[in-house]
Each structure stands twice: as structure tokens, then as C-alpha cells.
Amino acid sequence: MSERTILFLPGDGIGPEIMAEVRRLIEHLNRRGLGLLVVEDVVGGAAIDRHGVPLHPDTLEKARRIGTVMLGAVGGPKWDSLPFERKPERGLLALRKELGLYANLRPAFTFPALVEASTLKREVVEGLDLVIVRELTGGVYFGEPRGIEEIGPGEKRAVDTQLYTSSEIRRIARVAFELARTRRRRVTSAEKANVMYTGVLWRQVVQEVHEREFPDVALEHMYADALAMQLVREPRRFDVIVTDNLFGDLLSDEAAMLTGSLGMLPSASLGDADQNGRRRALYEPVHGSAPDIAGRNLANPLACILSFAMLLRLSFGLEEEARRVERAVARVLDAGYRTADIHSPGTQSVSTREMGEKVVEALD
Ligand code: NAD
């Protein structure tokens, strides 16, 4: 197995269409000697159709062995009536869980050509470039006890438990600080230490990790509600934001909308390093399988292509190639090419395939 092997899981709906454009890019980069190897398999609805389950054990085994996964999207109306445990989305959740992907990275970046797509004023979002690092496998979505119980006639009680251990906080803090070292060296840690014990521990542990291991990175602590305000008021002040599962869920959606379009948003989910010292990782666009436009060559492949750029940077250390891909995307947008979802008057409409071709042309 090559050092630069990627498990390709196109999935459902527009997944195969946008992933085909990543393939096009890979073939181009390989002609210049990058040596990327692609192993392809099925997940989600495609896996249900082929194997009867949303994630076949062989696919999971491949994902574990290869460690670097690129995914399109899963789900669609065809599988909507299946019981919860057999739905396509369970395949993705199982993959994240089995690979131990505890750190979700979502960059929010405004391309100059798309500044007008944001609902915020140009002067607020122009030049925005931040990443939210969200803890993905702990906190209130998983803490026990949880559930709903009857406590009397016509009365119920619902419980969720917010729970974090210091090691869970330590490992996500390290991801954030390491990432900040590759960027502008600033981390903002968000919690509610004023009203929650998990917030008190979170602040304490992040501070310790900072002092012991990352004194070269600037750290500020902020209450999550204050950060939610700052994110729409002055988002450019942030570089890397690290926060828990619940706050991260909300703040990353808020940050995503600063930039305008769903078809432009990449993501990465990272786990611990394997025996070769490389973090297990899954890269995917933030959007879903868009069944309403699937199979029509209309989907925007840029979120998927930008996720692939994250893969080059974070999994293979190919910083220069990652930047080249990101610059190529910026150039294509500057030249006025737009898929339907980001189209505006005066720009030129292109299909999924044409957008992929334009990016490849702009690489050189
Ligand atoms: P969605 O993100 O698929 O689509 C929302 C809207 O955005 C649609 O109008 C769609 O056409 C548009 N859109 C999304 N991506 C686009 C792109 N790249 N280019 C152009 N337009 C794009 O969300 P949804 O409609 O709520 O869900 C559809 C299916 O996707 C469901 O089955 C859902 O469970 C699944 N889903 C999967 C993931 C994932 O695989 N990670 C994430 C979210 C939703």
C-alpha cells in the first residue's frame, strides 16, 4: 500500500458526481508525479443496495488499514423508509465512530469573488479565514445518563448529561494548537466556565496544554455565547476556535453561513495517529447528497475539492499542493465561473464537470 493511498467513498446523490471531479484532479496531479493511489468502495445507500448494510465490515477494515478517507455524501429518498439503524447516514456515523474521529475541523474562508454571497456586509467578512475545531465524540450528545422517564401522572423528565474527561479535552486542545502552528498561531477556546463545571475543567485543561506544550501559540478563553456574538460582529479576529461538541455544532453552522454557500464548505474529521504516526482522517464536504439536483450535472464540486485540499495538507503534508488547489479554486471564481448554487448576475454558469475542468486548468 502506497504512503499516499486514499479510500474513496463517493456515496449517494451528488456524491459520485462531485467525487468524479476530485478524481480528475488526482489524475492531473499524478501526471506530475504526486503518486496518489485511490481505492474505491461504497458507503450509505450505495452500500445498502450492494450489501444490504450502510457500511460493510470489509469497507470498514479498508478504512482502518488505509486511514485516509475521502467521502462524497450519503442518503436520499430511496432509503428514507428504512428503520433508523439501517439508514445510509448510519454508515457515516459508524465510520466516524470506528475510526475514532474526535476532532471535526470546519474552515470558514471567504473567497474574494464570493464576498457578496454572504448575508453580512463586505467589510465584516472580506478576508475572513478561520477554522472551528469541534470535539465530536464526547459531551452532551453521548454523556450518560440520558433519556426520558415518567415521573408521575402526565409528567415526564428528560435528561442529557454533559460530560468531559481531562484526556478528551487535552487531545482536542492539541489538535487545535497544532493546527494554529500551521496558521496564524492564535487559538480561542470557547466554553461556559461561568455556569458549567465542564466549562471550568475545559478552561483549566486547555490552559495547561497551552503552557506546557504550546507557549508559542497565543491563547484566549471566551464564553461560547460571547463568541457567538463576536463571530458575526468581528469574525476576522479569529484564527482557530476550539470548543466542545454542542457549542461546536452551533458555532460551526454559524461560521459556515458567514461565507454564503453550502456548496463551498469543506471539512475534515481527525482521530489519533496510527502506527505510522499519521492521524486517521475523513474528509467530506459539509453539504449532503442533494437528491433534488442529483444526476443532473448541476452540483457544485468545490466543497469536495476543497476537502481534498485539506486532505493533501493534513494527511500527506503536501502544503504547497494544497495551496495550489485552493488558489486554483479562487482563480476559477475570480474568472466568473459559477455553478447554479452560487450563480449571480454577470457570471458564467457552468456544470459540475465544467467546474472540475476549470479547476484543473487553473492549476497550471
Ligand atoms: P443537502 O445539503 O443535501 O441539500 C440542501 C440544499 O442545498 C439542497 O437544495 C441542495 O440542492 C443544495 N446543495 C447541497 N449541496 C450542494 C452542492 N454541492 N451544489 C449545489 N447545491 C447543493 O441537505 P438535505 O437536503 O437536508 O439532505 C439531503 C440528503 O443528504 C438527506 O438524505 C440527508 O440525510 C443527507 N445528508 C448527508 C450528509 C452527509 O453525507 N454528510 C449531510 C447532510 C445531509
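As a check on your grasp of the helix formula, calculate [θ] at 222 nm for the chain: sum -39500 (n - 2.57) over DSSP H runs of n ≥ 4, divide by the residue count, round to the nearest 500.
Counting only the DSSP helices, I get -12500 deg cm²/dmol.
Of 226, 330, 270, which is farthest on the positive side of the dipole of region 205-364, counting Cα position, with +1 on Lys and Arg Cβ, -1 on Asp and Glu Cβ, and the Cα centre as origin? Farthest along the dipole direction, towards plus: 330.
Restricting to Cα atoms and excluding each atom paired with itself, what does the Kirkwood estimate give for region 137-241 in Å? Spell out each step's value before the answer.
Working: mean 1/r = 0.0651 Å⁻¹.
About 15.4 Å, per the Kirkwood formula over Cα pairs.
Scoring 36-49, 78-91, 316-329 by mean Cβ neighbours within 10 Å over their residues and listing the highest first yields 36-49, 316-329, 78-91. Value of Rg to Rh for region 187-284, rounded to two decimals, is 0.99; Kirkwood radius and Rg both from alpha-carbon coordinates. The trypsin sites (Lys or Arg not before Pro) found in region 122-216 include none that occupy coil by DSSP while having at most 10 further C-beta atoms within 10 Å.
Here the chain is assigned +1 on the Cβ of each Lys and Arg and -1 on the Cβ of each Asp and Glu. Its dipole about the Cα centre then comes out at about 620 debye. With one equal scatterer per alpha carbon and no solvent term, the Debye-computed log10 I(q)/I(0) for region 86-173 at 0.22, 0.25 1/Å reads -1.03, -1.15.
Quick one: Kirkwood hydrodynamic radius for the chain, alpha-carbon pairs, angstrom, one decimal? After inverting the pairwise mean of 1/r, the radius is 21.3 Å.
Over the chain, how many pairs of lysines fall under 22 Å by alpha carbon, counting only those 8 or more apart in sequence or from different chains?
Going through the chain pair by pair, I get 4.
For residue 279, the amide hydrogen comes within under 5 Å of the amide hydrogens of 274, counting only partners 5 or more places away or on other chains and with H modelled in the peptide plane. This model, with +1 at the C-beta of Lys and Arg and -1 at the C-beta of Asp and Glu, gives region 81-121 a dipole about its Cα centre of some 100 debye.
FYI, it's all coordinate maths here, none of it is from the lab. Remember, predicted model here, so these are calculated numbers, not experimental data. A quick note on method: Cβ atoms are made from the backbone with ideal geometry, for glycine too, and the neighbour counts reach across all protein chains shown.
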